[in-house]
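Below you'll find the structure, written out as structure tokens, and then a few comments.
The values are calculated or read from the model by the stated rules, or taken from the named source; none is laboratory data. Note that the coordinates shown come from a computational prediction; the quantities given were computed from them, not determined experimentally. A quick note on method: Cβ atoms are made from the backbone with ideal geometry, for glycine too, and the neighbour counts reach across all protein chains shown.
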Amino acid sequence: MTEFRLPALGAFALTAAILLPLAASAQDMPSDPGPGMPEMLPRHAPAGTALTLSGTGTVHAAPDRLTATLFAEAGAASAAAAQEHVNALAGTAIDAAKAAGGITTVTEDYSAEHNEGGKAPAWTARQTVRLTGADGAALLALLGQLQAKGLALSGLDWSLSSDRRRSLTRQAEAGALTDVRQRAEAAAKVLGLKIASIRSITLSDHGMPRPMPMMMMARAASAPVAPGAPAEEQDVSASASATFMLTP
């Protein structure tokens, strides 16, 4: 039987090759700090003091869109006759708005009701027409003409268009961010610290401003006088919340 023996130097090299990786692994492992010794902090632990504050921003602006609510109403001995009259009145409003230009129309709330108890007229038909435009003066002048033709005005509402509101919201958000930044700087100064970084920021608006209904004086249908509707300023607000990191 033949025996193979490793030379002494080869055996030592093999042993070293096995032990060296183990020693390297042992060096990578954190040593036990032992009783009474503080534990090591994570390498990426945030440094400084966290300060969370909120701020608000508000912009005042005049509305740029006027909506008028009209209704056409007619009574007749039959439902068909009443509806025909109402359709003609509503068509008059729609045609006039198209001719004026820059006015959108919406028709809604169409109804035809039978009057009980033998009261005349036997049928009453009614339809609502909404006109919306950016040129308030032109729309008010048109309303005076439509009232003279038999339509009744039930409401005037000033509001902000989508583009205008979007622009004002951006301004309000900028004001809210400036407010929260100034508050943080003031707080840091009192504490003898300084702002090192901003950990997080949250922005939110306060919803769309409600339309401003206008008070109107009752006018005779035969008087083609444009109703008045002063545009009052509306508020657009936003809020900001931010967490600042303060350091000495």
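Answer yes or no as to whether Thr202 is at pLDDT 95 or above, among the β-branched types (Val, Ile, Thr) and surrounded by 13 or more Cβ atoms within 10 Å (Cβ to Cβ). The answer is no for Thr202. Exactly one residue out of Arg126, Arg183, Arg170, Arg210 is modelled with pLDDT under 95 and among the basic types (Lys, Arg), and it is Arg210.
Summed over region 56-74, residues that are outside any strand (DSSP E or B) and closer than 20 Å to Ala174 by Cα total 1. Listed conditions (1) surrounded by fewer than 16 Cβ atoms within 10 Å (Cβ to Cβ); (2) at pLDDT 95 or above; (3) touching a Gly at 6+ places or on another chain (Cβ under 6 Å) are all met by Pro121, apart from (2). Looking at Leu191, Leu140, Leu153, Leu146, just one residue is exposed (fewer than 15 other Cβ atoms within 10 Å of the Cβ), over 29 Å from the mean Cα position of the chain (by Cα) and either of a type outside the set (Lys, Arg) or assigned by TED's automatic domain parsing to the domain that holds Thr243 (or both), and that residue is Leu191. Residue count for region 89-137, restricted to those that are more than 34 Å from the chain's Cα centre (by Cα) and among the basic types (Lys, Arg): 2. Residues that are at pLDDT 50 or above, surrounded by 19 or more Cβ atoms within 10 Å (Cβ to Cβ) and touching a Ser or Thr at 6+ places or on another chain (Cβ under 8 Å) occur at least once in region 36-56.
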